[in-house]
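The next block holds one structure in the form of structure tokens; read it before the comments.
The values are calculated or read from the model by the stated rules, or taken from the named source; none is laboratory data. None of these values were measured; they are calculated from a predicted model. For neighbour counting, all protein chains shown are included, and Cβ atoms are generated from backbone atoms with ideal geometry for every residue, glycine included. Just the protein is used for accessible areas: all its heavy atoms, side chains included, with ligands, DNA and RNA removed. Shrake-Rupley method; radii C 1.70, N 1.55, O 1.52, S 1.80 Å.
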Amino acid sequence: MGAFGVLTFIGFTALVAVLSYYWVRGTDEHQSDGYFLGGRSLTAPVIAGSLLLTNLSTEQIVGLTGQAYSEGILVMAWETLAAIAMVVTALVLLPRYLRTGVSTIPSFLEERYDAQTKTVTSILFLSGYVIVLLPIVLYSGALALSTMFGVPAMFGVSETAALWMTVWAIGIVGSIYAIFGGLKAVAVSDTINAVGLFLGGLLVPVFGLMAIGGGSIFDGISVLYTENPEKFDSIGGPDASVPFATIFTGMMLVQLFYWGTNQAIIQRALGAKNLAEGQKGLLLAAILKILGPVIVVLPGIIAYHYFEGGLEVADQAYPRLVTAVLPVGLTGFFAAVLFGAILSSFNSALNSSVTLFGVDIYRQYFKKTASDREVVGAGKRFGILLAIASMTIAPFIANAPQGLFGYLQEVNGCYSIPILTIILVGIFFPRVPPVAAKIGLASGVVLYILSQFVLKPAIGADSYPHYLHVMALLFVMNVCIMLLIGRFHPMTRDHAPARPSPVDMTPYRLARPVGALIVAIVVSSYIYFS
């Protein structure tokens with residue numbers, strides 16, 4: 001990357017920082033709602049932008065493009081089906097969350113069940129963030145930026161030393177945003193970066209198609225489709241990474257957990273100024289998410305055609321395509337946009353971890369009488385420790401086996417499906433008691449670990465069911481267990497919010513028709529590419 005590219009990178013990154021500071025000056029960060037939920041003032045565009053950029057990280061961009069390079073358009077399931085999950089969240093889950101006035105998902109579970117359920121869920125979320133999410137985002141992001149900027153050559157250091165330097169640089173900047181700025185700083189910087197990411201992300205397939213089509217985008221599409229028809233089949237076979245049958249089983253459960261109950265994601269909607277803005281934000285994000293495959297799937301198919309299927313490692317597809325087709329002047333802007341995506345995923349997970357610790361653990365077990373200022377202070381100190389731990393762990397991921405990211409997706413099932421189970425049962429079956437939630441969490445975690453890490457290696461991965469099918473089976477089993485407990489030991493009290501909602505609960509009047517339109521578009525896209 002030349003001097004102009006470096007200057008472009010610094011300029012765009014500085015612009016995001018200055019604008020974020022300007023827009024969050026009026027938020028009282030010493031109040032827990034101000035710090036953790038942006039003062040419950042987030043509007044639809046901010047929520048949508050923050051949701052999308054929190055989701056779109058380097059391992060997803062590089063990983064999905066690599067999968068598309070190998071398998072084609074069938075991997076779009078990870079993108080398009082997310083839109084349906086966001087519609088369900090907007091219409092069903094968000095009204096229930098906002099009605100209780102809680103700032104975390106575990107706090108919602110305390111309202112519904114009890115304090116012990118909240119604590120166990122907080123610990124599961126924090127474990128997932130610390131062990132899986134934060135180090136992986138740092139590692140994959142540092143690897144991408146170190147390669148794009150040629151950090152080893154720039155500083156005359158080894159690749160390992162360059163990785164450590166880049167990990168700590170990203171970690172420190174992300175920590176300043178997340179720990180000292182709170183959710184509003186995170187959400188505002190995400191919104192600015194989201195615009196850049198969509199523009200930059202669209203430039204890659206546009207220039208890629210022009211390169212294939214001799215300067216014409218439409219000729220490029222025609223050549224790509226005509227010469228690679230097998231890459232445009234959305235129906236995955238039994239040996240695919242996303243078999244078609246999993247769309248109706250575990251895939252939708254994973255999507256619903258991620259968009260409807262994952263603290264790092266749903267916290268943006270919990271900070272909405274009212275229900276209507278929250279619903280509009282989720283639905284706007286869902287509409288844009290349908291276009292996601294253009295940014296993270298289409299480049300993989302373009303790379304397959306451009307390099308004639310000759311790449312040794314599929315995950316090289318995205319960075320190699322960027323280098324090959326983008327004009328030199330745009331590489332700095334794109335690097336800044338990628339830096340924004342890395343920062344967003346890191347600081348959003350870190351801000352959510354700080355929120356979980358401050359609200360759900362510190363006030364519950366360390367100081368029950370703590371003021372909002374003390375809770376925020378304790379959360380910030382915990383965040384600093386967490387950031388240092390993540391930055392220390394991340395470079396060692398380089399020594400892990402090659403199949404790490406797929407393995408980690410599988411590992412997430414240890415906590416994602418059990419948490420989703422108790423939330424959905426808690427919402428739709430008000431007489432199921434707290435003890436059922438604890439048994440549901442315990443059985444969900446233990447049975448999944450036994451299935452994937454004991455039975456699967458013993459039987460053999462080739463003859464064992466896909467992990468998404470396993471998730472669906474265990475989900476149904478745990479729901480049945482909880483309902484049986486509720487049948488014979490029902491709760492003696494009805495669940496009702498302990499306080500009035502802090503925001504206006506008037507729903508967005510077009511929520512249902514817009515939601516139905518989004519679902520119809522997703523279904524029709526599968527029919528078209530089948």
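Summary of values
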| quantity | calculated |
| --- | --- |
| Any hit, the range 451-459, residues being under 30 Å from VAL167 (Cβ atoms), open to solvent by 40 Å² or more (accessible area, probe 1.4 Å) and among the small types (Gly, Ala, Ser) | no |
| Residues of the range 19-54 classified as surrounded by fewer than 23 Cβ atoms within 10 Å (Cβ to Cβ) and modelled with pLDDT of 70 or more, total | 4 |
| Among residues of the range 177-215, those that are modelled with pLDDT under 85 and surrounded by 19 or more Cβ atoms within 10 Å (Cβ to Cβ), counted | 22 |
| All positions within the range 268-283 that are open to solvent by less than 10 Å² (accessible area, probe 1.4 Å), of a type outside the set (A, V, I, L, M) and modelled with pLDDT under 90 | ARG268, GLY271 |
| Selected residue (only one of VAL328, VAL313, VAL322 is open to solvent by less than 40 Å² (accessible area, probe 1.4 Å) and of a type in the set (Val, Ile, Thr)) | VAL322 |
| Options PHE248, PHE232: the member that is over 13 Å from LEU98 (Cβ atoms), of a type in the set (Phe, Trp, Tyr) and without any contact (Cβ under 8 Å) to a residue 12 or more places away in the chain | PHE248 |
| Search result, residues across the range 65-78 that are in contact with a helix residue (DSSP H, G or I) (Cβ under 6 Å, 6 or more places away or on another chain) and either without any contact (Cβ under 8 Å) to a residue 40 or more places away in the chain or open to solvent by 10 Å² or more (accessible area, probe 1.4 Å) (or both) | GLN67, TYR69, SER70, ILE73 |
| Considering residues of the range 476-522 that are closer than 26 Å to ALA82 by Cα and in a loop (DSSP other than H, G, I, E, B) only, the residue modelled with the lowest pLDDT | MET505 |
| Residue check for LYS438: of a type outside the set (Val, Ile, Thr), open to solvent by 10 Å² or more (accessible area, probe 1.4 Å) and closer than 14 Å to GLY413 by Cβ | no |
| Residue list for the range 80-113, restricted to those being in a loop (DSSP other than H, G, I, E, B) and not β-branched (Val, Ile, Thr) | GLY101, SER103, TYR113 |
| Residue list for the range 338-370, filter: open to solvent by 10 Å² or more (accessible area, probe 1.4 Å) and either among the charged types (D, E, K, R) or touching a His at 6+ places or on another chain (Cβ under 9 Å) (or both) | ARG363, LYS367, LYS368 |
| Filter result for the condition that a residue is free of Cβ contacts under 8 Å to residues at least 24 places away in the same chain and within 24 Å of MET76 (Cα to Cα), over VAL476, VAL523 | VAL523 |
| Filter pass, ALA286 being over 16 Å from THR100 (Cα atoms), crowded, with 24+ Cβ neighbours inside 10 Å and in contact with a helix residue (DSSP H, G or I) (Cβ under 7 Å, 6 or more places away or on another chain) | yes |
| Residues that are of a type in the set (Gly, Ala, Ser) and either over 16 Å from LEU133 (Cα atoms) or touching a strand residue (DSSP E or B) at 6+ places or on another chain (Cβ under 7 Å) (or both), drawn from the range 369-391 | ALA370, SER371, GLY377, ALA378, GLY379 |
| Qualifying positions in the range 502-518 - aliphatic (A, V, I, L, M), within 13 Å of ALA90 (Cα to Cα) and surrounded by fewer than 17 Cβ atoms within 10 Å (Cβ to Cβ) | MET505, LEU510, ALA516 |
| Cross-chain or 6+ apart pairs with Cβ under 7 Å, the range 152-174 first and in a helix (DSSP H, G or I), then charged (D, E, K, R) | PRO152/GLU159 |
| Members of the range 371-388 found to be of a type outside the set (A, V, I, L, M) and surrounded by fewer than 24 Cβ atoms within 10 Å (Cβ to Cβ), listed by number | SER371, ASP372, ARG373, GLU374, GLY377, LYS380, ARG381, PHE382, GLY383 |
| Sole residue being open to solvent by 20 Å² or more (accessible area, probe 1.4 Å), touching a helix residue (DSSP H, G or I) at 6+ places or on another chain (Cβ under 6 Å), closer than 27 Å to GLN116 by Cα and part of a helix (DSSP H, G or I), chosen from ILE422, ILE427, ILE393 | ILE427 |
| Residue that is nearest to TYR528 (Cα to Cα), among those in the range 216-236 that are modelled with pLDDT under 90 and open to solvent by less than 60 Å² (accessible area, probe 1.4 Å) | SER234 |
